[in-house]
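Input: a single structure, listed below in structure tokens.
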Amino acid sequence: MAAEGQDAVEDETFASLRTPLDKRITKAVMKCGFVRPTLVQKRTLPLALEGKDLLVRARTGSGKTLAYLIPVLQKILSAKQQGDARDAIRAIILVPTRELVAQVQNQLNDLMYFCRDVVRAVALSAEKTSVQETWLRALPDIVIATPGRLSAHLTKSKKDGAFNLRTTVETVVVDEADLIFSFGYADDVGIIVGQLPNTCQSFLMSATLNADVQALKKLVLHNAVTVKLNEASTDGKLAQWFVESKQSDRDVLLFALLRLELISGKKLFFVNSLHNCYHLKLLLEQFHVKAAVLNAELPMNTRLHILEQFNRGVFDNLICTDNSMQIVAPQDNEQDSEDEEDSEDNDDSEEDDDIENDEESEDEDEGKQSKAKAAATSDSDNEQETSKRRKRKRAEVEVEADDEFGVARGVDFQGVSVVVNIDMPPSLQAYTHRIGRTARGGAGGMALTIVDAEDPSQMALLEEIQASQPKVDDQLQPAPLALDVSEINGFRYRVEDVSRAVTKQAIQEARVREVKREMLNSEKLKAHFEDNPTERALLQHDAFRASKVHKHLKHIPDYLIPGMGASGSQPARSTRAAIKLVPGQAPLSEDRTVLQQFGKSTSGRQRWKEKNRVGEYRSKNSKLARQARAKRAKISSGRGRNKFANNPLF
């Protein structure tokens, strides 16, 4: 049974739903600023409140999280009102990454604002296993976790029977279901489902319906209702473009987009490797463009802090890599290597037995020769073993990244105006989730992808993406952006000169500095640094050593700006005229281009505070601050005496 989403938007609020919600939920929703449900919430809430299993496919940013949190909380509050006040785990929410665990927890806390004394929820993220075990033994009403973390606790609790999910769980939610199997959680999901009752209500939320989702549907859902929302109805405010550029021209193109302010507002840059991540960060730093990196090497608390700063508007540029799907668990590598070593040891023992048999049957001379050969082979085997151990150590170093890290999927970046795919996404599914970081909640946004026209695999993937996306004005999406690359050739020498300074050694040093900063911020090493202040001083010297940045790179000479004459006195055309409108796309105004339709800088407020700050630690009501305001008011008034001079605030 399928319910297709439609474009018609009814004038309906959360308070006027067919099945009335608890007043505490309605008040919390209104406190969060939500008055009318989104399309996915309108289609799913009535069905979910009736107790039906749901398989929901809707694009990211459409409001799926609230669509399953409201029914979960409503069922728990109804049961407690009817007298079921026992302590038990009633709902389980499974998400693929730790970032999503924290995000769902925050939204659930907002929804529980008026019922926190009745409902208890825990989120299993980056805490110690002993702490999480204590939380679970307290039997909270709602548990939010990744499948791997929850299955580990369930397996451990089988011995003592700490909690029995088969008799208590009423609701199971799997968010970002198309990613669960991709992260290798198939066995973990099987362990969890094996301990759940057969009659519990289940929700599967996904942006795509691939083979993994269908397999998960058979495992979790029972006679489910499939809700498919028409993507065209929600993607109307998402502009998708692509630019064909060589690998060597990407830095120049990115420099022109940023420094000519062709793209503005909050921006996410996606790359496919850690090397490219830090290369782009160091390159932008040289041009005085503030940016932060987000990758699997950073600890969980650091990643959450970076997300919080980006959402607050401390900086506008965030460089992300979502390489968690390419990480292999270190335990598997160790097991494989141990199996290989055991097989090699067995082979060596068989060879030694053969050699001993040959020595008994042959002459003494031949025995000496065979012993020499055996010694030579043993030396070579030892060398091979040592080389394999070195490779194993290198592999372990490379796998130190968090295997439950994910940025492109599910994480709610607030107010993102532009998503730029510096590296082509590895798949259609990855592209769908990347562009879903913008144009969320009905807002506008733009996705720009840089494609290497000389790479046939990227061109084939681009055709696959265009075939999957709905057309806009009879034009394939993403559409080609009419960018005249020759207009920005004046930047080439400057950018290439700076790029040569961003070497592998510089990137490695930047990554080492990140590790040293985390060591300084580590709570576990706090006592060690108190006993050894010299080591802390050395780490501080290395970790916070700023890279050399030239001041003249902060500004662009007029003669390099496209459309400016050699003298720079009179522009022949608009400064940002390098970007031309694509046929079929109507301009918003004469002085705004296609790429400038979305977003404004949020870090400008921080720069204004820095510029207008009076003293480092002085209050705005201090004597010097009042004198500075009076002086500025006097200058702006153009008179000898300020008309506000008699005001006691000045």
- Task: Enumerate the helices (runs of 4 or more DSSP H) found wholly within the stretch 452-561, keeping only those where 2 or more residues are touching a residue at least 24 places away in the same chain (Cβ under 8 Å).
- Result: 456-468, 492-501, 504-521, 533-543
- Matching option when the condition is modelled with pLDDT of 90 or more, more than 29 Å from the chain's Cα centre (by Cα) and more than 25 Å from L21 (Cα to Cα), among A145, A138: A138
- Restricted to the stretch 291-304, and to residues that are more than 12 Å from the chain's Cα centre (by Cα) and at pLDDT 85 or above, which residue is nearest to R513 (Cα to Cα)? A292
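The rows are residues; the columns are (1) among the small types (G, A, S); (2) assigned to a loop (DSSP other than H, G, I, E, B).
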{"site": "T134", "(1), (2)": "no, no"}
{"site": "P140", "(1), (2)": "no, yes"}
{"site": "V143", "(1), (2)": "no, no"}
{"site": "A152", "(1), (2)": "yes, no"}
{"site": "V169", "(1), (2)": "no, yes"}
{"site": "D187", "(1), (2)": "no, no"}
{"site": "T208", "(1), (2)": "no, yes"}
- In the stretch 501-551, the residues that are β-branched (V, I, T) and closer than 24 Å to K290 by Cβ: V502, T503, I507, V512, V515, V549
- Message: So the check is Cβ under 9 Å with 6+ separation or different chains; which pairs have a first residue in the stretch 136-150 that's under 20 Å from Q107 (Cα atoms) and crowded, with 23+ Cβ neighbours inside 10 Å and a second one that's aromatic (F, W, Y) and at pLDDT 90 or above?
- Response: V143/W135
- Task: Identify, from the list A126, A85, A58, the residue that is surrounded by fewer than 22 Cβ atoms within 10 Å (Cβ to Cβ), of a type outside the set (S, T, N, Q) and touching a residue at least 24 places away in the same chain (Cβ under 8 Å).
- Result: A126
- Task: Mind counting the residues in the stretch 256-285 that are assigned to a loop (DSSP other than H, G, I, E, B) and farther than 22 Å from E514 by Cα?
- Result: 6
- Any idea which of D117, D110, D87 is assigned by TED's automatic domain parsing to the domain that holds F34, over 24 Å from V220 (Cβ atoms) and in contact with a Cys (Cβ under 9 Å, 6 or more places away or on another chain)? D110
- Note on the structure: Filter the stretch 214-229 for residues that are touching a helix residue (DSSP H, G or I) at 6+ places or on another chain (Cβ under 9 Å), surrounded by fewer than 22 Cβ atoms within 10 Å (Cβ to Cβ) and over 18 Å from T171 (Cβ atoms); the one that is modelled with the highest pLDDT is T226
- Note on the structure: Restricting the stretch 439-477 to residues that are modelled with pLDDT under 85 and under 24 Å from the mean Cα position of the chain (by Cα), the one surrounded by the most Cβ atoms within 10 Å (Cβ to Cβ) turns out to be A439
- Restricted to the stretch 2-60 and to residues being within 18 Å of V72 (Cβ to Cβ), in a loop (DSSP other than H, G, I, E, B) and hydroxyl-bearing (S, T, Y), the residue modelled with the highest pLDDT is T38
- In the stretch 505-521, what residues are surrounded by fewer than 13 Cβ atoms within 10 Å (Cβ to Cβ) and closer than 16 Å to Q286 by Cβ? Q505
- Message: Can you tell me which condition R86 does not meet? The list is (1) within 22 Å of S206 (Cβ to Cβ); (2) at pLDDT below 90; (3) over 29 Å from the mean Cα position of the chain (by Cα), and all the others hold.
- Response: (1)
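The values are calculated or read from the model by the stated rules, or taken from the named source; none is laboratory data. Worth saying up front: this structure is predicted, and the values here are computed from it rather than measured. Backbone-built Cβ (ideal geometry, glycine too); neighbour counts: all protein chains shown.
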